[in-house]
1. Taking the residues in segment 93-113 that are out of contact with any helix residue (DSSP H, G or I) (no Cβ under 7 Å at 6 or more places or on another chain) and part of a strand (DSSP E or B) as candidates, determine which candidate is nearest to P229 (Cα to Cα).
2. Against the conditions (1) touching a residue at least 40 places away in the same chain (Cβ under 8 Å); (2) assigned to a strand (DSSP E or B), where does E126 fall short? Just the number, please.
3. Give segment 220-238 a look and list any residue that's within 18 Å of the chain's Cα centre (by Cα) and either modelled with pLDDT under 95 or not in a loop (DSSP other than H, G, I, E, B) (or both), or say none.
4. Keeping to segment 98-130, report how many residues are closer than 26 Å to V233 by Cα and either buried (at least 21 other Cβ atoms within 10 Å of the Cβ) or not hydrophobic (A, V, I, L, M, F, W, C) (or both).
5. Before we move on, is I225 in contact with a Phe, Trp or Tyr (Cβ under 8 Å, 6 or more places away or on another chain) and closer than 20 Å to D110 by Cα?
6. Give me the pairs, please: first residue somewhere in segment 138-150 and closer than 15 Å to V177 by Cα, second residue anywhere and surrounded by 16 or more Cβ atoms within 10 Å (Cβ to Cβ) and at pLDDT below 90, beta-carbon distance under 9 Å, and either six or more positions apart or on two chains.
7. If a residue has to be within 19 Å of the chain's Cα centre (by Cα) and among the hydrophobic types (A, V, I, L, M, F, W, C) to count, how many in segment 203-216 make the cut?
Amino acid sequence: MEAVVRATMGGARENQLPLEVIDSLTERIATEKGFKKIVAEETVGKPRVGLLLAAVFLLVLVTVVSASLFGPYGPTASQASCATVPPSSTLFADWAYTYSNLTEVRNAADRIVEGVIVDSSTSGCELIITYYTVKIIMTVKGNSDSSLITVAQTGGIIGNSKQEVRDDPLMQIGDRVILFLNFDPQNGIYGTLGGPQGRLIVTNHLVYSLNVLYPGRNIDINWKISGLPETAVLGRLR
């Protein structure tokens, strides 16, 4: 897995991030299944009079959701332990795998659920991660022994600071979603397959893919779902 972080800040020349910051970023770069590269460009703060670059390369033996984000018992850091609030950034992700169709995503998922996002919390000193609590309405595939699950997403809001992957818009409390998930058994937290490819939005019992709802974001998904009946989509996924 490769991870690259870029931030545009004030300054007269190009500098490399301090080693301790790079080490911290290395520990906290998102490793959602299929997540190959992330580039973070700072969007607020001082005028753009210089460029600050940092490159972090990670080699992993397996791809598991959030493997570098969590310790055995949950997030490795909380905002309370951070000296400063992370800068606002637009994150650009290079997904390592692009699914050909919805059937392929279905077959790759550990679990497929329909649910409502009922709560969220954030963690991260340089890279914000949001942990969403999803109340399960229906399990389409996989384990059905829990009515509440936690799903991690790269990006989030802390105070006035917002980080968001451009092609994977932040989930919102109240969203009704169909999620294609993979599971990290070490900490019991899920992640969506291939970022935006692993999430559908349900509105008034009609289903939409993210590239339909956010046409200006150039979300690279090989299919479009625009207002298909919820029952038809769920029947196809069973």
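The values are calculated or read from the model by the stated rules, or taken from the named source; none is laboratory data. All of these numbers come straight from a predicted model, not from anything done at the bench. Positions of Cβ are generated from backbone atoms using ideal geometry, with glycine treated the same way; all protein chains shown enter the neighbour counts.
1. In this case the residue turns out to be V113.
2. So the condition that E126 fails would be (2).
3. Scanning segment 220-238 gives a single hit, D220.
4. Matching residues across segment 98-130 total 17.
5. No, not satisfied.
6. Filtered contacts from segment 138-150: T150/N187.
7. Summing the residues that are within 19 Å of the chain's Cα centre (by Cα) and among the hydrophobic types (A, V, I, L, M, F, W, C) in segment 203-216 gives 3.
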